[in-house]
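The values are calculated or read from the model by the stated rules, or taken from the named source; none is laboratory data. From a predicted model like this one, the values you see are computed outputs, not experimental measurements. Glycine gets a Cβ as well: all are built from the backbone with ideal geometry, and neighbour counts include every protein chain shown. These area figures cover heavy atoms from the full protein model, side chains too; ligands, DNA and RNA do not enter into them. Shrake-Rupley method; radii C 1.70, N 1.55, O 1.52, S 1.80 Å.
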Amino acid sequence: MLSAMAATGLALSLLVAPTAPSSADVVPPGKITVDVVTVNGSGCPAGTAAVATADDNTAFTVTYSHYTAQAGSGSSPTDFRKNCQLSLRVHYPQGFTFGIAQADYRGFAHLPRGARGQERANYYFMGTSPTAVSSHALSGPFSDDWQFTDKSDVASIVFAPCGEVRNLNVNTELRAFANGSNTPAFVTMDSTDGGVSTKYHFAWKVCR
């Protein structure tokens, strides 16, 4: 027979359910895969965007091979802005769901003095409202690799609805401004050797 103290402790343990674990607490078993369903945009013509998942199921990467915004000499009036819209299907075990905890965007830029560059991005699940657009600026003179990271607080991570299949839509955009100069300026997420990629970090939780 339970004592009054033990019974009280049992009652409290039943009432206080554990919170759903995040990516720091649990990762689905097996191999997570990500398929590209559709590709649209001037920055990612067909066949120029590839997706790969990390072996530990904590992230996936997107590698582009034709994603460059440019301005100035030798560029057309529309080259200053390039964008890419990917619709991705993530395959994972039943009983789990995911969100995006962090996104790391990487590339290279060559911006003479007075030139500017910009990287913009957002993502959302099909049927839900898009996340706020993040925007990062580059200013010349600059000729080097660049990296920007967007990180969500745990409480603000948007998860796919449990038990439903929802494509993840990823939108990115690059812009380059020569500011009246004919000197070429460009911003790229282009990686012909696979060495530069955008990385999206999963946040996992168990569906209850």
Top-ranked residue of segment 103-124 - restricted to ones that are under 19 Å from residue 143 (Cα atoms) and of a type in the set (Gly, Ala, Ser), ranked as modelled with the lowest pLDDT: 114
- request: Considering only segment 49-70, state which residues are closer than 28 Å to residue 203 by Cβ and of a type outside the set (A, V, I, L, M, F, W, C).
  value: 53, 55, 56, 57, 58, 61, 63, 64, 67
- request: Tell me which residues, restricted to segment 29-46, are over 22 Å from residue 201 (Cβ atoms), out of contact with any His (no Cβ under 9 Å at 6 or more places or on another chain) and in a loop (DSSP other than H, G, I, E, B).
  value: 41, 42, 46
field: From the options 47, 99, residue that is of a type outside the set (D, E, K, R) and open to solvent by 70 Å² or more (accessible area, probe 1.4 Å)
entry: 47
Matching residues in segment 149-208 - criterion: being small (Gly, Ala, Ser), open to solvent by 20 Å² or more (accessible area, probe 1.4 Å) and over 19 Å from residue 51 (Cβ atoms): 152, 155, 156, 163, 180, 181
